[in-house]
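A.B. asks: I'd like to ask some things about the structure below.
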Amino acid sequence: MKTKLTIAALCALTMASLCGKCDNLLLAPSGSCLHTGQFRAEAAVGMKDSDHRVYWLGFGIAQFEANLVSEHHPVTGTDNIVTLQYHAFPQTAVTPSISLGVWDVADETKHGVAPFIAATKEIYVGDEGRFINSVEATLGAGFNNLDGLFGGVKVGLPHNISLCGEYFQDKINLSLGFNLGSVAAVKLYRMRGDNYYGLSFTPIRF
């Protein structure tokens, strides 16, 4: 398993020669989308059980984005959650970026297919400050089996440190990242009550 994870990480690093800004939260969708020709990849491995893994893969084309979150659990098996979303409105100085989408298109989980709307806004913090460099907030609502509000905040800190917190499906998920330049980040995660470590790669443009 460690060999496969290493190979996957090396492949992703090879692809990540041209990168942009990463715009996703953890498990919840956001209001922003990848641009045409952009890909992103992320992998997390459970600290208590290395067979418990989560993989993310996304790509953008025109105003659409497709995402796959694949969660491998040694007891309950594998959930492959495909999300499709449409970038309806770009962010302006006043209004947020807004996306409409469908979560779990393939009906792989107990929650089932569910439409959602999400809005994301970069919050101006002036010149890069001493304690906070950037803030980005997301608020969304799901319907049908994903009924209810979700949201999250990403904070960029000095010394290439990033924080992310979200509320999604009645759970609070957190991550702490250390950015490796503009290419990738090593991360610690707390998701659905479990701890992980992993790698994330900023959007790759071909």
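A.B. asks: What's the number of the only condition in (1) touching a residue at least 24 places away in the same chain (Cβ under 8 Å); (2) farther than 11 Å from Pro29 by Cβ; (3) touching a strand residue (DSSP E or B) at 6+ places or on another chain (Cβ under 6 Å) that Pro74 fails to meet?
C.D. replies: Failed condition: (3).
A.B. asks: For region 95-150: of the residues being within 22 Å of Thr78 (Cα to Cα) and of a type in the set (Val, Ile, Thr), which is modelled with the lowest pLDDT?
C.D. replies: Checked region 95-150; the qualifying residue modelled with the lowest pLDDT is Thr109.
A.B. asks: Within region 116-139, which residues are surrounded by 14 or more Cβ atoms within 10 Å (Cβ to Cβ), more than 12 Å from Ala28 (Cα to Cα) and over 15 Å from the mean Cα position of the chain (by Cα)?
C.D. replies: Scanning region 116-139 gives Lys121, Glu122, Val125, Ile132, Asn133, Ser134, Val135.
A.B. asks: Among the hydroxyl-bearing types (Ser, Thr, Tyr), under 21 Å from Gly142 (Cβ atoms) and in contact with a helix residue (DSSP H, G or I) (Cβ under 9 Å, 6 or more places away or on another chain): is that true of Thr83 in this structure?
C.D. replies: no
A.B. asks: Pairs, please: C-beta under 7 Å, at least 6 apart or cross-chain, first residue under 19 Å from Ala184 (Cβ atoms) and without any contact (Cβ under 8 Å) to a residue 60 or more places away in the chain and in region 23-52, second of a type outside the set (Val, Ile, Thr) and assigned to a loop (DSSP other than H, G, I, E, B)?
C.D. replies: Asn24/Ser30
A.B. asks: Still on this structure, I have one more. Is region 135-142 home to any residue that is in contact with a Pro (Cβ under 8 Å, 6 or more places away or on another chain), in a helix (DSSP H, G or I) and farther than 23 Å from Ser162 by Cβ?
C.D. replies: No, the conditions are met nowhere in region 135-142.
A.B. asks: Any idea which residue in region 139-175 is farthest from Arg190 (Cα to Cα), counting only those that are free of Cβ contacts under 8 Å to residues at least 40 places away in the same chain and among the acidic types (Asp, Glu)?
C.D. replies: Only one residue tops the list, namely Asp147.
A.B. asks: Of the residues in region 56-69, how many are more than 16 Å from Val113 (Cα to Cα), touching a strand residue (DSSP E or B) at 6+ places or on another chain (Cβ under 8 Å) and either assigned to a strand (DSSP E or B) or among the basic types (Lys, Arg) (or both)?
C.D. replies: 7
A.B. asks: Quick check on my filter: what residues within region 179-198 are of a type in the set (A, V, I, L, M, F, W, C) and at pLDDT below 95?
C.D. replies: Those that are of a type in the set (A, V, I, L, M, F, W, C) and at pLDDT below 95: Leu180, Val183, Ala184, Ala185.
A.B. asks: Scanning for something in a strand (DSSP E or B) and among the acidic types (Asp, Glu), does region 147-154 turn up at least one residue?
C.D. replies: Scanning region 147-154 turns up no residue that is in a strand (DSSP E or B) and among the acidic types (Asp, Glu).
A.B. asks: Does any residue of region 68-79 turn out to be within 19 Å of Thr36 (Cβ to Cβ) and among the hydrophobic types (A, V, I, L, M, F, W, C)?
C.D. replies: Checked against the condition, which is being within 19 Å of Thr36 (Cβ to Cβ) and among the hydrophobic types (A, V, I, L, M, F, W, C), region 68-79 yields at least one hit.
A.B. asks: Out of all the residues in region 18-26, is one or more surrounded by 21 or more Cβ atoms within 10 Å (Cβ to Cβ), modelled with pLDDT under 90, part of a helix (DSSP H, G or I) and not polar (S, T, N, Q)?
C.D. replies: The answer is no, given that none of the residues of region 18-26 is surrounded by 21 or more Cβ atoms within 10 Å (Cβ to Cβ), modelled with pLDDT under 90, part of a helix (DSSP H, G or I) and not polar (S, T, N, Q).
A.B. asks: Filtering region 140-159 down to residues that are in contact with a strand residue (DSSP E or B) (Cβ under 6 Å, 6 or more places away or on another chain) and of a type in the set (A, V, I, L, M, F, W, C), which residue is surrounded by the fewest Cβ atoms within 10 Å (Cβ to Cβ)?
C.D. replies: The selected residue is Leu149.
A.B. asks: Another question, then. For region 30-51, name all the residues that are in a loop (DSSP other than H, G, I, E, B) and either modelled with pLDDT of 95 or more or surrounded by 23 or more Cβ atoms within 10 Å (Cβ to Cβ) (or both).
C.D. replies: Ser30, Gly31, Ser32, Cys33, Leu34, Met47, listed by residue number.
The values are calculated or read from the model by the stated rules, or taken from the named source; none is laboratory data. Remember, predicted model here, so these are calculated numbers, not experimental data. Backbone-built Cβ (ideal geometry, glycine too); neighbour counts: all protein chains shown.
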